[in-house]
Amino acid sequence: MMTFRCEKCNFCFESVGEREEYISPTYGPCFKYVARCPACDNICNEHRINLKKSDKGSCGCSNCSCGS
């Protein structure tokens with residue numbers, strides 16, 4: 001299971017996800033995993049944590065505990 005975060009409603013959830021392939025103008029053929037948000041039915045990207053040395057252990061979501 002992967003963790004996803006909905007940018008529309010800021011809801012974190014786990015799902016298997018579906019692989020979506022696309023062509024990046026910079027990197028060429030790429031893929032990402034997407035899933036539908038169970039709260040608002042929006043298509044969401046996989047949640048990736050950008051950790052800085054000062055906030056290790058914090059995922060940055062305002063209303064969930066994914067990644068922490």
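In table form, for the structure just shown:
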| quantity | calculated |
| --- | --- |
| Selected residue (criterion: nearest to GLU14 (Cα to Cα)) from residues of region 35-45 that are in a loop (DSSP other than H, G, I, E, B), in contact with a strand residue (DSSP E or B) (Cβ under 9 Å, 6 or more places away or on another chain) and of a type in the set (A, V, I, L, M, F, W, C) | CYS37 |
| Residue within region 46-67 that is assigned to a strand (DSSP E or B), modelled with pLDDT under 95 and within 18 Å of PHE11 (Cβ to Cβ) present | yes |
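The values are calculated or read from the model by the stated rules, or taken from the named source; none is laboratory data. None of these values were measured; they are calculated from a predicted model. Cβ: placed from backbone, ideal geometry, glycine included. Neighbour counts: every protein chain shown.
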